[in-house]
């Protein structure tokens, strides 16, 4: 079994603000996936996406919620073997937040460029290191 993909990101905002962006459907549409239609931070909740015309349709289910600290969900695709799990862990560092994303099970996906580890690494850098950081820190004025 291959090693988990782990990345850490730091945000200059309180942990509550990061948690809200991880669990609020409208905020998630801004930084995560605009195709997101329904989401609730409840174990067993199935994400709903408007991705019927997409080649890779997501099948995601919330697997763990520790209010204000941890959110995890499975990451799978309709019609493709394999399933991984994504875990977001938050730690308050003074009035800032460290987010650690851990993705396991990537080696369960087919040997296809869409499922390459490097693609997921790039994805997290883009989603968390750019999109979420911009969403959180562009509104620091408050």
With r as the distance between the Cβ atoms of residue 125 and residue 25 and R0 = 30 Å, compute the FRET efficiency 1/(1 + (r/R0)^6) and round to 0.05. 0.80
From the Cα centre of the stretch 59-85 to that of the stretch 11-42, the distance in Å is 15 Å
With all distinct Cα pairs included, what does the Kirkwood hydrodynamic radius of the stretch 1-77 come out to in Å, to one decimal, could you say? 13.8 Å
With everything on Cα atoms, drop me the angle between helix 117-126 and the longest principal axis of the chain, reported from 0 to 90° to the nearest 10. 30 degrees
Based on DSSP H runs of at least 4 residues, each adding -39500 (n - 2.57), what is the mean residue ellipticity at 222 nm of the chain after dividing by all its residues, to the nearest 500 deg cm²/dmol? -6000 deg cm²/dmol
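Throughout, read-outs are computed from the coordinates displayed, never taken from laboratory work. The structure displayed is predicted, hence computed values, not measured ones. Ideal geometry is used to build each Cβ from the backbone, glycine not excepted, and the neighbour counts take in all protein chains shown.
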